[in-house]
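Everything below concerns the one structure shown next.
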Amino acid sequence: MLKIVESMCRSGIFKPDEAIMHKILLVDDDPRIRSIYKMLLELEGFEVVDAEDWDIASEILLKKKDLDLVLLDIKMPGYSGDVVFDAVRLYNPKLRVVVSSIYPLEEQKRLILKADDYFDKSSGVKTLLQKVKRVMHQPVSGA
Amino acid sequence: MTDLPIPKKRGGFGSVRLKVFVLYAAILLATFAVFSASVYAYFRHEIYQKVDALLDARADGLNASVKVYLTTRKADAPSGLVAFFSGYKNKEGRDFSAVADSLTATELSTPKQNLRMASYVFDLNGKLLAESGAFQAPADLPPAVLADVLKDGRQVRSFRLVNRDGRQVHVRANTQAVMSENRARYIVQVLLPLKPVEEELVRLRRVLILMVVITLLVTSWAGLYLVRVTLRPVDRIVRKIRDIRSDNLKERLYLKDNGDEINRLARTFNDMLERLEKSFEAQKQTVQDLSHELKTPLTILRGQLEVALRRPRSPEEYATLLQASVAEIENIRRIIDDLLMLARLDSSGGVLEMKKVDVKSLLESLMEDAKILAESKNISVAFEAKGDATVPANQIHLKRLFMNLIDNAVKYTPEEGKIRVVLEADDPQQVRISVIDNGGGIGAAHLSQIFDRFYRGEKAHRGDSYGLGLSIVKSIVDTHQGKIEVRSNPGIETVFLVTLPRKRSVQLFSQIFA
C-alpha cells in the first residue's frame, strides 16, 4: 500500500523551492508515518534521513554534523521525550528541532519547553510542510 | 460534579448526638428516680414508726392511769371515772389533759405544741366519758373501731375525721381496751393529727425533686459536653469528606496515632480514597492512551489521503488508496471493539455467564485459526494435551484469551519460528495452559508492564499491534479467577502460563471491593 502512495508522490511534479538542499532527520517509530513524511519532504526538495528509534537517531546525530532540522517524535518506547530532546540539543546545539507527536500542541509545549516548533501529526501534512519551511528560515533558537 | 444531598447541620444536634444524649439523660433520670424514691420511702417509714411509738407510749400511759383508778377506787361506774378525773383536777388544780400529758411527758421528744395530741376515754358502748386535747373529735367511738378493739384488745390506724367544727382532719389513732381481771372495762384512744408529719414529708419530697432536677441538669450538661468532645473528630471527618471531589482525590484525612475507633474510620476512608484515586488515575490514563491510539491510524489515513489529493489519480490508484483506507479504518474499529470488551470485562466484576467448557476441545478448535495466523510468517503451531479437563468458563472469552496469546506469540516470533500450546491437567484443583514461543523473549524491565493497557514492548512493530491484546488476556483471566504468569528466557523462549481453577470460589465482598 505504501509503495503505491510512494509512486503516486514521485509521479507528482514538485519543485524544490530551496537552492540549497536542507537536511532533515526524521525520528518516528511508526514505519507508515516515516514513509509518508519522507516522501513528502523529499518531494519538497529536502534531504531526509530517517530513524525508527532513539538508538539509531543518536548514531546519526553523532556522525552527521550537517543536519539542519530534526523532526522528533517524543513518544517512543523506552525513552522519555524530554530526555531525548535534551540529548539532541546536547549533541548538536545548532540543530532546529520540531517536536512531532500525536499529543495536542499544549501538551507538547508542556513536555518540551524550548523546541523551535511543535507539530500535531493528526493536523495533516500541509501543516507539517508549512512548519518545516518556516523553521528553516528562522535563526536557530537553541544556539 | 453534582453535590450529594448532605444534611447542612453543623454545630447542632446530629442524630447520633441526640440519641446518645436522650439515652444518657433517660438512664440518669431513672437512676435518680429510684434512688430518691428509696430515700423518701425510708424516711416516711421511719417517721411513721416514731409516730406509732409515741402514740403507743401515750396510750399505754393513759391505759395505766385508768387501771390505777380501777384498782384504787374499785369503782366501775362511768360517773365514778369522771369523778376520779374531776377530783384529780380539783386536787391538783389541773384538768384531765394535764394528767394525761404528765403521764407521757417523758416519752415526748417533739415539742408538744407541734404534735397537739388528743386523748379520750370511752365506755364499752363507745360513749365518750372524758377527753383532752387541742381539737374536738366526734363524740362517740365508731362501732367498727369499737368491735375491733373489743376483739383484738388494740387497734392502730390512720383515718380522716370531721371534727366538731366541721374541718376534716387526717389523724392516726391508737385505740386500746383497758383490761382488768381479764375483761375489758374501758376504752382509751390517743389521736395524733398527721398534718405536721405530712408537711414534713412534702418538704422532703420537694427537696428530693429539686436535687434530682439540679443533678440531672448538671450531669446532662456534662454528658452533652462529653458527647460533643467524643464526636468532634467525626465532625471534622465529615467536613473533610464533604470537600473531597474527583479533582482533589489526593486529599487525605488527618490521622492521629492512637488507633481508636474514629482513627480506624479515618484510616478506612483514606484507604478508600487511595483506591479511588488509583482507579481515577487509571481511567484518565486509559482515556489519554486511547485518544493517542486512535489518533495514530487517523493520522496515517489523513496523510495518505492528503498526499493522494495533491493531483488527479487514475481509478486504479484511487481503488488502492481506498482499500488502504478501509484497512486503516478496520484498525480503528478493532481498537474500539477491544476497548468496549475491556470495559465490559471491567464492569462485569466477575459476573459472567459461566458454563463447563472442555479446554482440550476448545484449544483444538483454535488450532485451525492459529495456523492461518502463523502461515504468513511460516511459523509452526503445535498443540500438546497432557490430560483432559473441563473448567467453568465463558466459552467466547476463553477463546479470545488464547487467540490473543497466540496472536501475541506470532507477532513476536521471527519467521520460521515455533509456537507450542501445552495443556496440563494433572492437578485436581486447576488446569494449566502454556503458550510458548521461541521468539526473542522479553527483557526483565518490560515483564511487569506487558499487561498494562496500550503498553508496547520495544520490538513491537507499529501498525500490527496496539497494546490492548494482553490487557484483555489479563482481564479475562481475572474474571475466571485464574492466574497468568510470564517467564522469559531472553533470546530463547517466552512462556505465558495461564492457570484456571476447576471450581469457582464464592467471592467475598472485601475481595470485590479490594
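The values are calculated or read from the model by the stated rules, or taken from the named source; none is laboratory data. Everything numeric in this text was worked out from a predicted model, so none of it was measured. As a convention, Cβ positions derive from the backbone with ideal geometry for all residues, glycine included, and neighbour counts pool all protein chains shown.
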#### Entry: Test: residue in the range B:425-442 that is at pLDDT 65 or above and within 14 Å of chain A (Cβ to nearest Cβ)
yes
### Task
Could you figure out which of (1) more than 14 Å from chain B (Cβ to nearest Cβ); (2) surrounded by fewer than 20 Cβ atoms within 10 Å (Cβ to Cβ); (3) in contact with a helix residue (DSSP H, G or I) (Cβ under 9 Å, 6 or more places away or on another chain); (4) not hydroxyl-bearing (Ser, Thr, Tyr) isn't true of A:LYS94?
(3)
### Query
Name the residues in the range A:37-56 that are crowded, with 21+ Cβ neighbours inside 10 Å, modelled with pLDDT of 90 or more and within 16 Å of A:SER101 (Cα to Cα), would you?
A:TYR37, A:ALA51
### Task
Provide a single number: the residues in the range A:33-63 that are over 19 Å from A:TYR91 (Cα atoms), more than 10 Å from every other protein chain (Cβ to nearest Cβ) and among the hydrophobic types (A, V, I, L, M, F, W, C).
2
### Query
Somewhere in the range A:119-130, is a residue in contact (Cβ under 8 Å) with a residue 12 or more places away in the chain and away from chain B (no Cβ under 13 Å)?
no
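Take B:VAL202 and tell me if it is out of contact with any Leu (no Cβ under 8 Å at 6 or more places or on another chain) and either surrounded by 14 or more Cβ atoms within 10 Å (Cβ to Cβ) or closer than 23 Å to B:TYR48 by Cα (or both).
Values: out of contact with any Leu (no Cβ under 8 Å at 6 or more places or on another chain): yes; either surrounded by 14 or more Cβ atoms within 10 Å (Cβ to Cβ) or closer than 23 Å to B:TYR48 by Cα (or both): yes.
It is true that B:VAL202 is out of contact with any Leu (no Cβ under 8 Å at 6 or more places or on another chain) and either surrounded by 14 or more Cβ atoms within 10 Å (Cβ to Cβ) or closer than 23 Å to B:TYR48 by Cα (or both).
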### Residue tally, condition surrounded by 13 or more Cβ atoms within 10 Å (Cβ to Cβ) and within 13 Å of B:LEU273 (Cα to Cα), over the range B:238-256
7
### When residues of the range B:287-300 are limited to those that are surrounded by fewer than 20 Cβ atoms within 10 Å (Cβ to Cβ) and out of contact with any Lys or Arg (no Cβ under 8 Å at 6 or more places or on another chain), the one nearest to the other protein chains (Cβ to nearest Cβ)
B:LEU298
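Among the residues that make up the range B:302-309, is at least one of them in contact (Cβ under 8 Å) with a residue 24 or more places away in the chain, more than 14 Å from every other protein chain (Cβ to nearest Cβ) and either in contact with a Ser or Thr (Cβ under 7 Å, 6 or more places away or on another chain) or under 20 Å from A:LEU40 (Cα atoms) (or both)?
The initial filter retains those residues of the range B:302-309 that are in contact (Cβ under 8 Å) with a residue 24 or more places away in the chain, namely B:304.
Within this subset, residues satisfying the condition of being more than 14 Å from every other protein chain (Cβ to nearest Cβ) are none.
Checked against the condition, which is being in contact (Cβ under 8 Å) with a residue 24 or more places away in the chain, more than 14 Å from every other protein chain (Cβ to nearest Cβ) and either in contact with a Ser or Thr (Cβ under 7 Å, 6 or more places away or on another chain) or under 20 Å from A:LEU40 (Cα atoms) (or both), the range B:302-309 yields no hits at all.
Identify, please: which residue in the range B:318-347 is among the acidic types (Asp, Glu) and surrounded by fewer than 17 Cβ atoms within 10 Å (Cβ to Cβ) and is, among those, nearest to B:LEU290 (Cα to Cα)? Show your work before the answer.
Within the range B:318-347, the subset among the acidic types (Asp, Glu) is B:328, B:330, B:337-338, B:346.
Retained after the next criterion (residues that are surrounded by fewer than 17 Cβ atoms within 10 Å (Cβ to Cβ)): B:330, B:337, B:346.
On the way: B:GLU330: 16, B:ASP337: 12, B:ASP346: 16 Å.
The qualifying residue nearest to B:LEU290 (Cα to Cα) is B:ASP337.
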### Message
Checking A:LEU72 against (1) under 23 Å from B:LEU294 (Cβ atoms); (2) within 14 Å of chain B (Cβ to nearest Cβ); (3) not in a helix (DSSP H, G or I), only one condition comes out false. Which one?
### Response
(2)
### Task
Collect the residues in the range B:301-317 that are surrounded by 13 or more Cβ atoms within 10 Å (Cβ to Cβ) and outside any loop (DSSP other than H, G, I, E, B), keeping them in residue-number order.
B:LEU301, B:ARG302, B:GLY303, B:GLN304, B:LEU305, B:GLU306, B:VAL307, B:ALA308, B:GLU317
### Message
Take residues that are closer than 27 Å to B:ALA41 by Cβ and at pLDDT 85 or above and tell me which of the strands (runs of 3 or more DSSP E) falling wholly in the range B:102-199 contain 1 or more.
### Response
B:154-162, B:168-180, B:183-193
### Message
Within the range A:102-114, take every residue that is touching a residue at least 12 places away in the same chain (Cβ under 8 Å) and either under 15 Å from A:LYS75 (Cα atoms) or within 14 Å of chain B (Cβ to nearest Cβ) (or both) and give me the one that is surrounded by the most Cβ atoms within 10 Å (Cβ to Cβ).
### Response
A:TYR103
### Task
Assess whether A:ASP17 counts as being in contact with an Asp or Glu (Cβ under 8 Å, 6 or more places away or on another chain), modelled with pLDDT under 90, within 22 Å of A:MET136 (Cβ to Cβ) and surrounded by fewer than 20 Cβ atoms within 10 Å (Cβ to Cβ).
yes
